[in-house]
Amino acid sequence: MECTSSVYLPTFHMGSSIFLWLFLIFSVIFSPVSAKHSVTWTYGVNYGRIADNLPQPESVVTLLKAAKINHIRIYDADHGVLQAFKGSGIEIIIGLPNEYLKEISIGEDRAMNWVQENVQAFLPDTRIRGIAVGNEILGGTTIELWEVLLPAAKNVYSALYRLGLQHTVEVSSPHSEAVFANSFPPSACIFRPDVAPFMKPLLEFFSQIGSSFYINAYPFLAYKNDPQHIDINYALFKDNRGIYDAKTKLHYDNMFEAQVDAAYAALDKAGFSKTQVIVSETGWASRGDPDEAGANVKNARTYNRNLRKLLAKKKGTPFRPKMVIKAYVFALFNENLKPGPTSERNFGLFKPDGSIAYDVGFTGLVPSAAPPSILVSFKEIAGQGWLRWSYLLVSTAWAVVLL
């Protein structure tokens, strides 16, 4: 990403490239988060932490600021993370994990305790803007959770309302593509017959309180499951013939927008045409098992770079052109302790040392190919504090000048 500053940069004949690199790192690290960008955001990132090699949350805040990522989603309400984001200006959706749903659904007092301890205690300095009640519940295999999802969501909202936080913190629940009976072509998409009796009252409640519909949309998973019949270029936003939806007479040149419009079509048929769709997860694995088609660095870089370009346009989909697409990319880091196939552990945009996993246009804290003499450890910087290292950067820069 480009860095802008009003500071005058003199021209040097020796060591200029090193000086410029140091200046860019310095200016990016200490650049403030734009409030205006927060209002018009389209790009966020999921910050998962099922790993034993990740940087401390304080370092993650610095990394996000350097990359100018102002919206994140976490899967719990970890107090260390929430404290680290205090004063950062980064907006956060926290998660009420699936294992708490039954308890929270029982009574408002339990929901009140949870909200007070995990939300109210950190506001307003930590900008908590949403609570994801559960993750991929409907359509999943744990049927008993289907029944408690709505009561849990209602109790969480009731607690927010009683605390006067209902206009600050949105209540939602992300879904997987498993809630749909079909999604091709997009206009044919409907909710599964067994899911619909649970989905409709949930949508009615979310409609009443003004919440969006959150969907985890992965062209990668669709391609991986059917590489013989899906054009990889269609999944990666590259040049291709696309598909034509005869009912709506709309053409789609990428699967991502088709998946979003399939969700809109299902909502339309269920009677919720005014509900906005937000993509709570999307991404592409940079590594996978031999039977995981398309999981490699080249495709991951292509997908995430092109997705970022699409979201930067701040436009809608073919079916909902006035509804600006918003999405949270999965994920910030690779998570080496996640169970499942190899792909599950390889969705990260960044490495634990703060460098980029592959180039999608972000600025990492540590260049991937920096000279060894000036390459400093991300963890070392975080551990000793940015103020000290800012002096190091400045003094090193002037040392280069004097050369």
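The values are calculated or read from the model by the stated rules, or taken from the named source; none is laboratory data. Bear in mind that the values here come from a model prediction, so they are computed numbers and not experimental data. Ideal geometry is used to build each Cβ from the backbone, glycine not excepted, and the neighbour counts take in all protein chains shown. All accessible areas refer to the heavy atoms of the entire protein, side chains included, with ligands and DNA or RNA removed. Shrake-Rupley method; radii C 1.70, N 1.55, O 1.52, S 1.80 Å.
The figures follow:
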item	result
Exposure ranking of H175, H167 by accessible area [1.4 Å probe, largest first]	H167, H175
Accessible-area composition of segment 262-345, carbon plus sulfur, in percent [1.4 Å probe]	51
Euclidean distance of C-alpha centroids, segment 204-272 and segment 132-167, integer Å	25
Surface share of carbon and sulfur [accessible, 1.4 angstrom probe, percent] for segment 86-240	48
Across K238/K322; K238/K309; K224/K309; K224/K314, pairs whose alpha-carbon gap is larger than 19 Å	K238/K322; K224/K309; K224/K314
Distant-in-sequence amide H partners of F191 (H built 1.01 Å from N, under 5 Å)	A181
Exposure rank, largest accessible area first [Y218, Y100; 1.4 Å]	Y100, Y218
Segment 67-135, dipole about Cα centre (Lys/Arg Cβ +1, Asp/Glu Cβ -1), debye to the nearest 20	340
Ordering of 256-268, 185-197 by burial proxy (mean other Cβ atoms within 10 Å per residue, highest first)	256-268, 185-197
Convex hull (Cα only) mean projected area of segment 39-350, reported in nm² to one decimal	15.3
Lys, Arg +1 and Asp, Glu -1 on Cβ, resulting dipole of segment 39-350 about Cα centre, debye, nearest 20	1380
Among 279-290, 200-211, the order from most to least packed when residues are scored by Cβ within 10 Å on average	279-290, 200-211
Solvent-accessible area per residue, Å², over segment 39-350 with all protein chains present [probe radius 1.4 Å]	41
Ordering of 51-63, 115-127 by burial proxy (mean other Cβ atoms within 10 Å per residue, highest first)	51-63, 115-127
Note, ³J(HN,Hα) from phi for segment 225-230, Karplus 6.51, -1.76, 1.60, rounded to Hz, x at Gly and Pro	7, 8, x, 6, 10, 10
Set of lysines with alpha-carbon distance to K154 below 29 Å, sequence-local pairs under 8 removed	K86, K102, K200, K269, K274, K326
